[in-house]
Amino acid sequence: TYYVSLPKGFNPFEISQIMAIEQSTGTWIPVPGESPEVRKKHVAKVVGVYEVPDNEVMLPEDNWRNYIIQIAFPYENIGSRLSLLFTAVVGNISMAGKIKLLDLRFPKKYVSGFKGPKFGIEGVRRVLGVYDRPLLNNMIKPCTGFPADLGAKLAYEAARGGVDIVKDDELLGNVSFNTVEERITKYMEAIDKANEEKGEKTLYAVNISDDLPDVLENADKAVELGANCLLVNYLACGFPVLRALAEDESIKVPIMAHMDCAGVYYVSPFSGIRSTLILGKLPRIAGADIVVYPAPYGKAPFLEEKYLEIAKTLRYPFYHIKPAFPMPSGGITPSMVPRLIERLGIDFVVAAGGAIHAHQDGPAAGARAFRAAIDAALQGYSDLRKYAEENNIPELLKALQL
């Protein structure tokens, strides 16, 4: 389903046919090999052309008319592949002006070729033993430029304070000053120590993002060294990489997919790919257990209705594909937690970075402030200050003042 904006005088029925032919069997001029037999089996078909608004008696005053166009693509052209899917449904027409891909409806035959998330919401909860609240994630800050020893110290403090997941920032890869091997060894030792102290389990999502084949080698190395969660920048590395990681039987840990580069696809209202696809349906089918995406309450400009729709897309029934955790992110503070829970329920991950590490009493106190905010919201408190005062929680009071 596409949104297409055309100048007056352009025939949308002809344009939609050109789109269908361009993205399947043909080109700009008839060629001998595009026989009736080839077209019958392999050409894409226009199934709907609707003007929005639906002008009946007068044309708009400006020079543009807007349409919703639906095109059906033969499964045989694509198979259960994400690279060919992108090539067909986005492909060359992405350079043709005001065309935006709004949605993709998949038949069971297509989706049956995918395994989806290994763990999903239920599986990640089972690993952590947490069933009755949102999970709490912390991104180590600063983002990059520090040695593994400092990161391990910060990971220990965050985990000790009650964080369920500690993740690398997406900007920290397998770099010379802080390698994947160093981080896993030192961070996991620090997190194991914190787990013993708090009596809870913490996942560490190590960023394995890299060029091929290194990203796959990083994943194997991480699992061998005892990593219990992986992070991949799925748009920078590519959907097929995310799928390969998720469907690799030797990788028996949850996978977190980070949204970096997503704005290139969805920010324009006239072109690109709608955020619900690029941040919801596609990473889920490719196998992400947790998907990091923008929250509208922090530093990222994002509409609340889109962020809610993405959460639904990650969690609604979808053939055999398990639901994945939404992880709204970007400048989240404890004061936003009641709103998050009100809108999303409990099946999501609270993503906190700077708000934990900037706490004046350190990351452990910052994490405790978030856990207190979660408890308060689940008990029906909208006034976190009142909850902190009634229950004598100075960490939350100080966080609210920051």
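The values are calculated or read from the model by the stated rules, or taken from the named source; none is laboratory data. Nothing here was measured: the structure is a model prediction, and the numbers come from that model. Note: ideal-geometry Cβ built from the backbone for every residue, glycine included; neighbour counts use all protein chains shown. Side chains included, ligands, DNA and RNA excluded: accessible areas come from the protein's heavy atoms. Shrake-Rupley method; radii C 1.70, N 1.55, O 1.52, S 1.80 Å.
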Original post:
Residues in the stretch 351-367 near a label at Arg385, defined as backbone nitrogen under 15 Å from the 7 Å Cα→Cβ point?
Top reply: none
Original post:
Where a ≥ b ≥ c are the square roots of the eigenvalues of the C-alpha gyration tensor, would you call the stretch 213-269 rounded, which needs a/c under 1.5, or, failing that, prolate if a/b is larger than b/c, or oblate?
Top reply: prolate
Subject >> Neighbour cut-off at most 16 other Cβ (10 Å), DSSP loop, trypsin sites (Lys or Arg not before Pro), the stretch 271-357 >> reply: Lys299
Subject >> Area projected by the alpha carbon convex hull of the stretch 58-206, averaged over all directions, nm² >> reply: 15.5 nm²
Subject >> Segment Glu37-Glu249, length gained on full extension (0.36 nm per residue, minus Cα span) >> reply: 72.2 nm
Subject >> Heavy-atom accessible surface of the chain: percent carbon and sulfur, 1.4 Å >> reply: 54 percent
Original post:
Ignoring ligands, DNA and RNA, what accessible area per residue does the stretch 295-381 give at 1.4 Å, in Å²?
Top reply: 39 Å²
Subject >> Accessible area (Å², per residue) of the stretch 133-289, counting only protein heavy atoms and a probe of 1.4 Å >> reply: 34 Å²
**OP:** Counting other Cβ atoms within 10 Å, keep those with at most 15, restrict to DSSP loop, and tell me which chymotrypsin sites (Phe, Trp or Tyr not before Pro) in the stretch 89-186 are left.
**Re:** Tyr131, Phe177
**OP:** Give me the accessible area per residue for the stretch 1-82, probe 1.4 Å, as a whole number in Å².
**Re:** 64 Å²
Original post:
How do Val349, Val57 stack up against each other in accessible area, from largest to smallest, with a 1.4 angstrom probe?
Top reply: Val57, Val349
Original post:
Loop-only check: which trypsin sites (Lys or Arg not before Pro) in the stretch 1-45 are DSSP coil with at most 12 other Cβ within 10 angstrom?
Top reply: Lys8
Subject >> Two-decimal log10 I(q)/I(0) for the chain, as the Debye equation yields it once each C-alpha is a single scatterer, q = 0.13, 0.14 Å⁻¹ >> reply: -1.06, -1.17
Original post:
Add -39500 (n - 2.57) for each DSSP H run of 4 or more in the chain, then divide by its residues: what number comes out at 222 nm, to the nearest 500 deg cm²/dmol?
Top reply: -11000 deg cm²/dmol
**OP:** Measure nothing fancy, just the Cα-based angle from helix 214-224's long axis to the longest principal axis of the chain, in degrees from 0 to 90, nearest 10.
**Re:** 40 degrees
Original post:
Kirkwood Rh, Cα Rg: Rg to Rh for the stretch 271-324?
Top reply: 0.97
Original post:
How would Thr25, Thr313 rank on accessible area, largest to smallest, probe 1.4 Å?
Top reply: Thr25, Thr313
Subject >> Restraint check, Lys299/Lys398; Lys45/Lys312; Lys115/Lys221; Lys201/Lys322, Cα-Cα greater than 26 Å >> reply: Lys45/Lys312
Original post:
Considering only the chain, what is the antiparallel percent among its DSSP beta bridges, to the nearest 5?
Top reply: 40 percent
Original post:
Can you give the relative contact order of the chain as a percent, counting alpha carbon pairs under 8 Å and 6+ residues apart?
Top reply: 16 percent
**OP:** Relative to the longest principal axis of the C-alpha atoms of the chain, give the angle of the C-alpha long axis of helix 304-315, reported between 0 and 90° and rounded to the nearest 10°.
**Re:** 90 degrees
**OP:** Please determine, in degrees from 0 to 90 and to the nearest 10, the orientation of helix 363-378 with respect to the longest principal axis defined by the Cα atoms of the chain, where the helix direction is its Cα long axis.
**Re:** 70 degrees
**OP:** Give me the accessible area of Trp64, 1.4 Å probe, in Å² rounded to the nearest 10.
**Re:** 90 Å²
